[in-house]
Amino acid sequence: MDVYGLIGNPVGHSLSPPMHEAAYDALDVDARYVALEPDADEGAAAVEAAATLGMSGLNVTVPFKRDVLAAVEPSDLAAAVGAVNTVDFAYDPPRGYNTDVSGVRRAFGHHGVEREGAAVVVGAGGAGRAAAFALAEDVDALHVANRTAARAEELAGEVREALGATRAGGADDAGDADADPAATPPTRVTAGGLDTLAGTVPSADLLVNATTVGMESDETPVPAEHLHGDMAVLDAVYAPLDTRLLREARAAGATAVDGAWMLLYQGVEAFERWTDRDAPVGAMNGALRDALDRSE
Ligand code: NAP
């Protein structure tokens, strides 16, 4: 039997165990998925312990996504994002991936939303970094807005640098290494504080909330007056699922994408990397939505 798992602190309410176990049941995979809670400074040590114990793979969540970089060989994308959320022990040293990036891409894709035009990412923490890297290659303009403007500027600078490296021909699992740099117009990457939302959201095609606003209380980081019907809005927050931002996006006629889609598709990519099989997306989504219903 293969054993997979999640490290985080806390992990008590994690939705990953039911989601992955539903995939094992659906495809008759002989595996279990366990949630583990190392001390907050023990992320890298927990990865080493998991390898010693013979585990096959690990997901990684707050606060360990950055620390775990030191314990794995990160993919180019995970190194650029600066965070690992999936570890594959089939390799020595274990490989680290960032599947939150494809979580964002495939959440939009599931809703028929193209990654093009102008995008605004609100937030510059872990989810904001994944969202910015998920969209940067495909859109014409990317704006990062964050409460702490300096953090947004820093992230925008790293995205510009990564885009420059990709266009210069560096292999990157984020994109097409054979792309002709001359044929690809550069993405304009800008940043600022939350006061820059008024000047960027009204003309945005894509908006991602990657802040924690909306979790604890019925608040939104983006004033409703800036939302419009020609945009798609992804809220990374999944507890609650129906945030104020998404309600106001729907009222404005926008396509609203809840955070469970991002959570689902980061798990789908992890499953596919670990097992080399197509994930049973419907079964995983059903288990995730059931677990969310139970946790409400
Ligand atoms: P994080 O690294 O701690 O970042 C938190 C972000 O929220 C920062 O940009 C922070 O701004 C901002 N923020 C916090 N309080 C704020 C406030 N009162 N007003 C405005 N901005 C505020 O957290 P994270 O890991 O990125 O998670 C962010 C959200 O995404 C959480 O709700 C998490 O559950 C969700 N998430 C979802 C998925 C998924 O698969 N759906 C995956 C990862 C995360 P400062 O920099 O100014 O502090």
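Can you tell me which of A130, A136, A149, A141 is touching a residue at least 24 places away in the same chain (Cβ under 8 Å) and within 15 Å of A79 (Cα to Cα)?
Values: A136 fails: within 15 Å of A79 (Cα to Cα); A149 fails: within 15 Å of A79 (Cα to Cα); A141 fails: within 15 Å of A79 (Cα to Cα).
Testing whether each residue is touching a residue at least 24 places away in the same chain (Cβ under 8 Å) and within 15 Å of A79 (Cα to Cα) leaves just A130.
If you take the residues of segment 230-241 that are open to solvent by 40 Å² or more (accessible area, probe 1.4 Å) and closer than 15 Å to E219 by Cβ, which of them is farthest from the chain's Cα centre (by Cα)? Write out each step before concluding.
Start the filter on segment 230-241 by keeping residues that are open to solvent by 40 Å² or more (accessible area, probe 1.4 Å), which leaves 230, 238-240.
From what's left, closer than 15 Å to E219 by Cβ: 239-240.
Numbers: A239: 15, P240: 17 Å.
If we take residues in segment 230-241 being open to solvent by 40 Å² or more (accessible area, probe 1.4 Å) and closer than 15 Å to E219 by Cβ, then P240 is farthest from the chain's Cα centre (by Cα).
Away from the ligand (no atom under 16 Å from the Cβ), more than 20 Å from A260 (Cβ to Cβ) and of a type in the set (K, R) - does that describe any residue in segment 87-96?
Checked segment 87-96: at least one residue is away from the ligand (no atom under 16 Å from the Cβ), more than 20 Å from A260 (Cβ to Cβ) and of a type in the set (K, R).
Filter segment 198-229 for residues that are more than 11 Å from the ligand (Cβ to nearest atom) and either in a loop (DSSP other than H, G, I, E, B) or open to solvent by less than 40 Å² (accessible area, probe 1.4 Å) (or both) and give the result. Break it down stepwise before answering.
First, pick out the residues of segment 198-229 that are more than 11 Å from the ligand (Cβ to nearest atom): 198-207, 218, 223-229.
T200, V201, A204, D205, L206, L207, D218, P223, H226, L227, H228, G229 - these are the residues of segment 198-229 that are more than 11 Å from the ligand (Cβ to nearest atom) and either in a loop (DSSP other than H, G, I, E, B) or open to solvent by less than 40 Å² (accessible area, probe 1.4 Å) (or both).
Considering only residues that are more than 15 Å from A134 (Cα to Cα) and open to solvent by 40 Å² or more (accessible area, probe 1.4 Å), look in segment 70-83 and name the one that is nearest to the chain's Cα centre (by Cα).
Residues of segment 70-83 that are more than 15 Å from A134 (Cα to Cα), as a first pass: 70-74.
Next cut, open to solvent by 40 Å² or more (accessible area, probe 1.4 Å) only: 70, 73-74.
Working: A70: 20, E73: 19, P74: 16 Å.
Filtering first and then ranking leaves P74.
Exactly one condition in (1) within 21 Å of L163 (Cα to Cα); (2) within 16 Å of the ligand (Cβ to nearest atom) is false for V60; which is it?
(1)
Please determine whether any residue of segment 242-253 is near the ligand (Cβ under 10 Å from one of its atoms), open to solvent by less than 30 Å² (accessible area, probe 1.4 Å) and over 28 Å from D88 (Cβ atoms).
Step one: filter segment 242-253 for residues near the ligand (Cβ under 10 Å from one of its atoms), giving 243.
This time we only want the ones that are open to solvent by less than 30 Å² (accessible area, probe 1.4 Å), so: 243.
Subsequent filtering for residues that are over 28 Å from D88 (Cβ atoms) retains 243.
Scanning segment 242-253 turns up at least one residue that is near the ligand (Cβ under 10 Å from one of its atoms), open to solvent by less than 30 Å² (accessible area, probe 1.4 Å) and over 28 Å from D88 (Cβ atoms).
Yes or no, residue by residue, for (1) open to solvent by 10 Å² or more (accessible area, probe 1.4 Å); (2) within 18 Å of the chain's Cα centre (by Cα); (3) in the same structural domain as L58 (by TED's automatic domain parsing):
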position	(1), (2), (3)
E114	yes, yes, no
G117	yes, no, no
A134	no, yes, no
A141	yes, no, no
N146	yes, yes, no
A152	no, yes, no
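Within segment 242-254, restricting attention to residues that are more than 20 Å from the chain's Cα centre (by Cα) and outside any loop (DSSP other than H, G, I, E, B), which residue is farthest from L288 (Cα to Cα)? Outline the logic, then answer.
First, the residues of segment 242-254 that are more than 20 Å from the chain's Cα centre (by Cα): 244, 247-254.
Subset that is outside any loop (DSSP other than H, G, I, E, B): 244, 247-251.
On the way: R244: 21, R247: 21, E248: 24, A249: 23, R250: 23, A251: 26 Å.
Ranking the candidates gives A251 first.
When both residues are 6+ apart or on different chains and their Cβ atoms are under 7 Å apart, which pairs have a first residue that lies in segment 16-39 and is closer than 18 Å to L292 by Cα and open to solvent by less than 60 Å² (accessible area, probe 1.4 Å), and a second that is modelled with pLDDT under 95 and not small (G, A, S)?
That search, which allows pairs on different chains as well, returns A35/V11.
Quick one: in segment 134-161, of everything that is within 13 Å of the ligand (Cβ to nearest atom) and of a type outside the set (G, A, S), which residue is nearest to M262 (Cα to Cα)?
Restricting to residues being within 13 Å of the ligand (Cβ to nearest atom) and of a type outside the set (G, A, S), the top hit is V144.
The values are calculated or read from the model by the stated rules, or taken from the named source; none is laboratory data. If you're wondering where the values come from, they're calculated on a predicted model, not measured in any experiment. Note that we place each Cβ from the backbone using ideal geometry, even for glycine, and neighbour counts take in every protein chain shown. We work out accessible area using only protein heavy atoms, side chains counted, and drop any ligands, DNA or RNA first. Shrake-Rupley method; radii C 1.70, N 1.55, O 1.52, S 1.80 Å.
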